[in-house]
1. Got a sec? Which residues in the range 14-43 would a label at residue 56 touch, if it sits 7 Å along Cα→Cβ and we count backbone N under 20 Å?
2. Add +1 for every Lys or Arg and -1 for every Asp or Glu among the other residues with Cβ under 14 Å from the Cβ of residue 95, and state the total.
3. Residue 16 to residue 95: extension gain in nm, 0.36 nm per residue of separation minus the Cα-Cα distance?
4. If I build a Gaussian network model for the chain, linking alpha-carbon pairs within less than 10 angstrom, which residue out of 88, 57, 34 has the largest mean-square fluctuation?
5. How big is the convex hull of the Cα atoms of the range 5-50, per residue, in Å³?
6. Helix 69-103 versus the longest principal axis of the chain: what is the Cα-based angle in degrees, 0 to 90, to the nearest 10?
7. Points 7 angstrom from Cα along the Cβ direction at residue 35 and residue 49: gap in nanometres?
8. Pick the calculated Rg and Dmax of the Cα atoms in Å for this structure from (1) 29.3, 88; (2) 18.9, 66; (3) 12.8, 36?
Amino acid sequence: MTAPLLATITYCLSESGRKASLKAWGSGAYHQNVSGIIAPDELPLFSCSPDGTISVVFNQVEFNAPQTFTDILQYLKKRRERFLKIKVLMEAEAIADTAFEAGG
């Protein structure tokens, strides 16, 4: 059995999110960290430092309330799915361009 993979996600709170954090006895900081266990297939969503720390900074969105690890992990998975679809489209376009250039 492999050891559980503990990962940390850093995300950002908007001004109203920072106020909500303070009301919930949180830090009220702009950058928030949440940690949790990930499955091995989720590892590509993260960076792994030489000391074994698994983490990612998710700064594309400012949230209006504190988030759970599970919620942010779902955002990361959806983002990866979108990027993979874009990659497939770009590769198909490159192949089509090459085919039309060769035939033209």
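Where a number appears in this text, it was derived from the coordinates with a stated rule and is not lab data. These numbers were taken from a predicted model, which means no experiment stands behind them. In this analysis, Cβ positions are derived from the backbone assuming ideal geometry, glycine residues included, and neighbour counts consider all displayed protein chains.
1. So the set is 14, 31-43.
2. Details: positive: 87; negative: 91, 93, 97, 101.
Spelling it out: positives minus negatives among the neighbours equals -3.
3. Result for the pair: 23.8 nm of gain on full extension.
4. Looking only at 88, 57, 34, the largest GNM fluctuation is found for 88.
5. Cα-based convex hull of the range 5-50, divided per residue, equals 94 Å³.
6. Tilt of helix 69-103: around 10 degrees.
7. Once both label points are built, they end up 1.2 nm from each other.
8. So the calculated entry is the one marked (2).
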